[in-house]
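What follows is a single structure, written as structure tokens, with notes after it.
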Amino acid sequence: MLNGIVAGQEPTLPYTPSLDLASMDKQADPCVNFYEYSCGGWKKNNPIPADQTSWSVYGKLYQDNLQFLRGILEHAAQTSGQRDEVTRQIGDFYAACMDEAEVEKQGLAPIRDYLEAVGNLKSTKELAPLVAKLQMVYGRSVLFTGGSTQDPDDAEKIIAELDQGGLGLPDRDYYTKEDAKSKETRERYVQHVQKVFELTGENAGTAKKDAETVMRMETALAKASLTRVERRDPYKLKHKMKMAELDTLAPNFDWTAYYSTAKYPGFEILNVGAPEFFKDVNRQLKDEPLDHWKTYLRFHVVDAASPYLSAPFVNENFEFYRKYLRGAKEQQPRWKRCVSYTDRQLGEALGQVFVAKVFSPELKASTLDMVRRIEDAMAIRIQQLDWMSPETKQQALQKLHGIRNKIGYPDKWRDYSSVTISRIDFAGNMGRSSSFEHHREINKIGKPLDRGEWEMSPPTVNAYYDPQMNDINFPAGVLQPPLYDAKEDAAPNYGDTGGTIGHELTHGFDDEGSQYDANGNLKNWWTKEDREKFDARTKCVEDQYGKYVVVDDIHINSKLTLGEDVADLGGEILAYMAWQDATKGQTLEPRDGLTPEQRFFVGFAQWACENERPEELRVRAATDPHSPAEYRINGVVVNMPEFAKAFACKAGQPMTKPLEKVCKVW
Ligand SMILES: [Zn+2]
């Protein structure tokens, strides 16, 4: 089926080994700063490219994937010869995106209809159907977010969902914090909003006034929103109600019109993630005049579409979101943006070709074998825990055995054939493919749960655990060198990918995941005493990471990163156990002056080698549940006595915690 694409062209991914001596800094003392020892060379040899906001082993691998996919897409875009439907869709999508002349010619035309619809609003009563339409295009959260979710009480059921949203800045805290940097960011955001209005033809005075209106309305929405830390508590997000109750919660919004315009299937129950937020939406619907709503919507329509419009819009979007907010120096070349858009919008079409090229059945079998060994280690670990009662252990094992392993790519590919992809309408392609995704989400309501579904495309360099699905998902993109290296021996591979597998498994048992049972239901399976002991153990991790500094005077928000920090620690302990088991009875030799144990730990650390711009670190400190790379390594090894032993670190050295202070959760 895919022959047409690759004829005469064999793109390959560049190779870096999973343990790279050149990435180390042997001058650094591993017992003082293990991250520096393992990654110092990498950091020196890999300055952040001008178009990037950070540069890491993961980020670099994704860029390599983009380069690889570019070859596939350029070939797929050629109209000579026969193309099957999948090839035609991805090829034409890419070609339309690359057709800059056409995009420039169109200017604001692709969103003119939406802007007109906003302009024609006669009353706030008419907002609901329009918001429903605008949420479909470009996947933007306009005013709030709507879609579907697994019923927290019965994971087999899919119900409708509403949640907070509607902001232009990356987090609600940007609107509420009073420090100088936050105030500056708000001023710059208002200037950005003003600029966007000016680009649509408003004069500077009106645009400034309108920008202040948007800021004021968004600030109210932000204040009514839950924080990221609050959102880690699944019970705070669980508010199931009937439509009649929703009408009582926010009577000023025409929910019937909203749901019928968005073409939801009939349903009785929905979950409202943040009821207080909808109370504020309701208040604003009464207090804000129609003109202000038009202003709010107009901005969000243009801002959401900006990356896909002509150069002035693309540039302004870059200037604020990537340059000012995250520190990039240059715009990414167009081809790179176009490949990522294709991956984002038609990921399981493009992914088919990717998988055929880089993910052999042998690779799938060997990585799956590693997953099973890590799971076995977890079962042993649970049985060995001295603080957990037999009752809770039994439940934990049941949950562990209920986890589904999804490796590489989905068994059944998503069918995009109903999406119209035009060769000359890039913004339209973006809008239609986003609407397709939105409808796909909505149409799940009331249907049986599809456990085979993936949230990440195959070329993605990342992995995830889903507590409601109770599954771990490893796209083909993350199972490539240097992360998983079929040419290398077990030590660095277990340290790196083994640790990542353990990390995802441990998410099922972190502060959040541990509240869901084997079937993905939000249901307590802990005895009261065991839960208290568990909380005390995670508190040790929370206190440890809370002391680390991200940038300037900003500390890690370790309540936000707790789940990831617990997963990092648990994952590496499991990987170490599984590695020892996998190599039992073998005589492991030192290599390149490193013992097998040292190679395990250096392999582990080298997944995380990274350089970040200070601006990017600030955004992450506010939004990212992961700790900065350095602490994802050093914060783990200080809690593993196996590490101190491997490097003969002494008591009192920074990477050696006294045994009684070591944090141990799993
Ligand atoms: Zn994680």
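The values are calculated or read from the model by the stated rules, or taken from the named source; none is laboratory data. Remember, predicted model here, so these are calculated numbers, not experimental data. Neighbour counts are summed over all protein chains in view; Cβ atoms, including those assigned to glycine, are modelled from backbone coordinates with ideal geometry. Accessible surface areas use protein heavy atoms only, side chains included; no ligands, DNA or RNA. Shrake-Rupley method; radii C 1.70, N 1.55, O 1.52, S 1.80 Å.
Descriptive notes on the structure:
- Scanning segment 571-581 for residues being out of contact with any Asp or Glu (no Cβ under 8 Å at 6 or more places or on another chain) and either within 16 Å of the ligand (Cβ to nearest atom) or open to solvent by 10 Å² or more (accessible area, probe 1.4 Å) (or both) gives a total of 6.
- Hits in segment 592-611 (condition: over 14 Å from residue 646 (Cα atoms) and either open to solvent by 10 Å² or more (accessible area, probe 1.4 Å) or free of Cβ contacts under 8 Å to residues at least 40 places away in the same chain (or both)): 592, 606, 607, 610, 611
- Qualifying residue in segment 168-178 (condition: open to solvent by 60 Å² or more (accessible area, probe 1.4 Å), modelled with pLDDT of 95 or more and at negative phi): yes
- Top-ranked residue in segment 76-96 [being among the charged types (D, E, K, R) and modelled with pLDDT of 95 or more; ranked as most open to solvent (accessible area, probe 1.4 Å)]: 88
- Residues (in a helix (DSSP H, G or I) and small (Gly, Ala, Ser)) located in segment 290-349: 304, 305, 306, 311, 340, 347, 349
- Count of residues meeting criterion [touching a helix residue (DSSP H, G or I) at 6+ places or on another chain (Cβ under 7 Å), open to solvent by 60 Å² or more (accessible area, probe 1.4 Å) and outside any helix (DSSP H, G or I)] in segment 113-132: 0
- Among the residues making up segment 93-127, those that are free of Cβ contacts under 8 Å to residues at least 60 places away in the same chain and hydrophobic (A, V, I, L, M, F, W, C) are 101, 109, 117.
- Test: residue in segment 552-568 that is part of a helix (DSSP H, G or I) and more than 16 Å from the ligand (Cβ to nearest atom): no
- Test: residue in segment 214-223 that is among the acidic types (Asp, Glu), over 29 Å from the mean Cα position of the chain (by Cα), surrounded by 19 or more Cβ atoms within 10 Å (Cβ to Cβ) and not in a loop (DSSP other than H, G, I, E, B): no
- Qualifying residue in segment 163-180 (condition: touching a Ser or Thr at 6+ places or on another chain (Cβ under 8 Å), closer than 30 Å to residue 272 by Cβ and small (Gly, Ala, Ser)): yes
Every residue, every condition in (1) outside any helix (DSSP H, G or I); (2) within 16 Å of the ligand (Cβ to nearest atom); (3) within 29 Å of residue 376 (Cα to Cα); (4) at pLDDT 95 or above, yes or no:
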| site | (1), (2), (3), (4) |
| --- | --- |
| 599 | no, no, yes, yes |
| 602 | no, no, yes, yes |
| 617 | no, no, no, yes |
| 631 | no, yes, yes, yes |
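- Being over 30 Å from residue 98 (Cβ atoms), in a helix (DSSP H, G or I) and in contact (Cβ under 8 Å) with a residue 40 or more places away in the chain is true of residue 281.
- Hits in segment 475-503 (condition: surrounded by fewer than 24 Cβ atoms within 10 Å (Cβ to Cβ) and not in a loop (DSSP other than H, G, I, E, B)): 490
- Residue within segment 331-340 that is surrounded by 20 or more Cβ atoms within 10 Å (Cβ to Cβ) and within 25 Å of residue 200 (Cα to Cα) present: yes
- Residues that are of a type in the set (A, V, I, L, M) and outside any loop (DSSP other than H, G, I, E, B) were ranked within segment 437-474; the one that is nearest to the ligand (Cβ to nearest atom) is 472.
- Note on segment 341-374: residues that are polar (S, T, N, Q) and crowded, with 17+ Cβ neighbours inside 10 Å amount to 4.
- Conditions (1) over 25 Å from residue 345 (Cα atoms); (2) part of a strand (DSSP E or B); number of the one not met by residue 506: (2)
- Inter-residue pairs, beta-carbon under 8 Å, first farther than 19 Å from residue 598 by Cβ and in segment 493-507, second within 15 Å of the ligand (Cβ to nearest atom) and of a type in the set (S, T, N, Q), 6+ apart: 504/473
- Taken as a whole, segment 528-539 holds at least one residue that is within 15 Å of the ligand (Cβ to nearest atom), touching a residue at least 40 places away in the same chain (Cβ under 8 Å) and not in a loop (DSSP other than H, G, I, E, B).
- Which listed residue, of 645, 584, 664, 650, is of a type outside the set (Ser, Thr, Tyr), open to solvent by 50 Å² or more (accessible area, probe 1.4 Å), away from the ligand (no atom under 16 Å from the Cβ) and in a helix (DSSP H, G or I): 645
- Single residue of segment 403-427 satisfying the filter (crowded, with 18+ Cβ neighbours inside 10 Å and over 18 Å from residue 351 (Cβ atoms)) that is farthest from the chain's Cα centre (by Cα): 425
- A single member of 258, 264 is in a loop (DSSP other than H, G, I, E, B), in contact with a strand residue (DSSP E or B) (Cβ under 9 Å, 6 or more places away or on another chain) and in contact (Cβ under 8 Å) with a residue 60 or more places away in the chain, and it is 264.
- Screening segment 37-75 for residues that are of a type in the set (Asp, Glu) and in contact (Cβ under 8 Å) with a residue 24 or more places away in the chain and picking the one that is surrounded by the most Cβ atoms within 10 Å (Cβ to Cβ) gives 64.
- Positions within segment 484-516 being charged (D, E, K, R), touching a strand residue (DSSP E or B) at 6+ places or on another chain (Cβ under 9 Å) and away from the ligand (no atom under 15 Å from the Cβ), in sequence order: 489
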